[in-house]
Amino acid sequence: MDMNNIKVFRLAYAMFGSLNIEKMVQYYTETIGYRLSEKTEDGSAYLSNGLDHHNIVLTPHKHKGIKRYGYQLDGKLSIGEVQEELKKQGIHSQIKSDEQPGVREMLEVKDPDGNVIELFTEMDMPATGYGNTGIVPHKLGHIAFYAKNMQKTIQFYEEALGFMFTDTIGDNFANFLTCNHDHHTLNIVSSNKSNQLHHIAFELKDSSHQYLSSEVLAKHGYEIIWGPSRHTSGHNIATYHYDPDGNVVELFIDMDRYIPELGIFEPKPWHEELPLTPRRWEGLSSWGTEFEVDLANV
Ligand SMILES: [Fe+2]
């Protein structure tokens, strides 16, 4: 087997389609606390959380949900070389230039479940700054989507893009993968649905920030549907709510840190076993908290 050198190291942005773009922009700027860095003629809004040109893109569309995922490559290979590597694995991709503000060159590729991925090495960093109002998360943490073609999709992220498998819940119900030190940057949820978002997650600073985030959400009319509770897999303390389009949004702290050199998670006082290694978990809450909303089926 050929040695694959393609390595993505972060989830940089997600592009949502929206029927209700004004409300979504209002939510992302006033409630989440992102800043608008650019609006384009097609009605898309590019929103930034500090440094990058964009971390969230909202674009008018007849269906809600994420339409494109932006992953940054480590830059060791040029876009053309990445395309060649993918081709060797039988994966079709397309180089696109100047199609998106802030990212001059990208490689568009579809995962086996039909999700569109944009791979790039460089993004403009206008340093739009952080919002003065709203929650102001520290970063876009991860995406979870439903996949019908689960095993093939997991294999694609591992073998083509250099992701590492961390945990699983139940009988491969939820499958956690990372492209850096975070316990997961991607969660693939087994389903008979394809190409559909389960949730998007943003990282907060600490427990007081999480407490404040619930206050901000309540003030803006968004109810918490699950949490706060500590998850089993990843040990993140999380809350979930719906954005104006009905997409599920997670806000979390305390995500486990993966140390690939040792194959373990950085030890924490709340870990059930030491050392903690990638494993299978049962249930969603490590505190045993039960909620009315079934997160497995939002
Ligand atoms: Fe999550």
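The values are calculated or read from the model by the stated rules, or taken from the named source; none is laboratory data. All values derive from a computational prediction rather than experimental measurement. Note that we place each Cβ from the backbone using ideal geometry, even for glycine, and neighbour counts take in every protein chain shown. Heads up: the accessible areas ignore ligands, DNA and RNA and are worked out on the full protein's heavy atoms, side chains in. Shrake-Rupley method; radii C 1.70, N 1.55, O 1.52, S 1.80 Å.
Quick check on the range 30-45: of everything there that is more than 25 Å from Ser214 (Cα to Cα) and not polar (S, T, N, Q), which residue is surrounded by the most Cβ atoms within 10 Å (Cβ to Cβ)?
For the range 30-45, the residue satisfying everything is Ala45.
Exactly one condition in (1) under 30 Å from Gly134 (Cα atoms); (2) open to solvent by 40 Å² or more (accessible area, probe 1.4 Å); (3) touching a Ser or Thr at 6+ places or on another chain (Cβ under 6 Å) is not met by Gly75; state its number.
That leaves (1) as the condition not met.
Kindly check whether there is at least one residue in the range 276-294 that is more than 13 Å from the ligand (Cβ to nearest atom), farther than 22 Å from Asp171 by Cα and at pLDDT 95 or above.
No - not one qualifying residue is present in the range 276-294.
Here is a yes/no grid of residues against (1) of a type in the set (Phe, Trp, Tyr); (2) under 27 Å from Leu77 (Cα atoms); (3) assigned to a loop (DSSP other than H, G, I, E, B):
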residue: Gly162; (1), (2), (3): no, yes, yes
residue: Asp167; (1), (2), (3): no, no, no
residue: His198; (1), (2), (3): no, no, no
residue: Leu212; (1), (2), (3): no, no, no
residue: Pro228; (1), (2), (3): no, no, no
residue: Gly234; (1), (2), (3): no, no, yes
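Under 7 Å between Cβ atoms, which residue pairs at least 6 apart in sequence (or on different chains) link something in the range 188-202 that is of a type in the set (D, E, K, R) with a partner that is more than 15 Å from the ligand (Cβ to nearest atom)?
Lys193/Lys148
Suppose we keep only residues that are open to solvent by 20 Å² or more (accessible area, probe 1.4 Å) and in contact (Cβ under 8 Å) with a residue 60 or more places away in the chain within the range 220-234. Which one would you say is farthest from the ligand (Cβ to nearest atom)?
His220
Only one of these is open to solvent by less than 10 Å² (accessible area, probe 1.4 Å) and either in the same structural domain as Thr185 (by TED's automatic domain parsing) or assigned to a strand (DSSP E or B) (or both): Tyr27, Tyr13. Name it.
Going through Tyr27, Tyr13 in turn, just one is open to solvent by less than 10 Å² (accessible area, probe 1.4 Å) and either in the same structural domain as Thr185 (by TED's automatic domain parsing) or assigned to a strand (DSSP E or B) (or both): Tyr13.
Is it the case that Glu118 is crowded, with 18+ Cβ neighbours inside 10 Å, in contact (Cβ under 8 Å) with a residue 24 or more places away in the chain and of a type in the set (Asp, Glu)?
Yes.
Would you be able to say whether some residue in the range 72-79 is among the hydrophobic types (A, V, I, L, M, F, W, C) and under 23 Å from Val248 (Cβ atoms)?
Taking every residue of the range 72-79 in turn, none turns out to be among the hydrophobic types (A, V, I, L, M, F, W, C) and under 23 Å from Val248 (Cβ atoms).
Out of Asn175, Asn195, which single residue is surrounded by 20 or more Cβ atoms within 10 Å (Cβ to Cβ) and closer than 26 Å to Tyr71 by Cβ?
Asn175
Take Glu108 and decide whether it is in a strand (DSSP E or B), modelled with pLDDT of 95 or more and not assigned by TED's automatic domain parsing to the domain that holds Lys193.
For Glu108, the condition - in a strand (DSSP E or B), modelled with pLDDT of 95 or more and not assigned by TED's automatic domain parsing to the domain that holds Lys193 - is met.
Taking the range 44-89 on its own, how many of its residues are in a loop (DSSP other than H, G, I, E, B), under 28 Å from Ser194 (Cα atoms) and among the charged types (D, E, K, R)?
2
All but one of (1) away from the ligand (no atom under 16 Å from the Cβ); (2) more than 15 Å from Phe202 (Cβ to Cβ) hold for Asp256; state the number of the condition that does not hold.
The failed condition is (1).
If you go through the range 262-290 one residue at a time, how many are basic (Lys, Arg) and assigned to a loop (DSSP other than H, G, I, E, B)?
Final tally of qualifying residues: 2.
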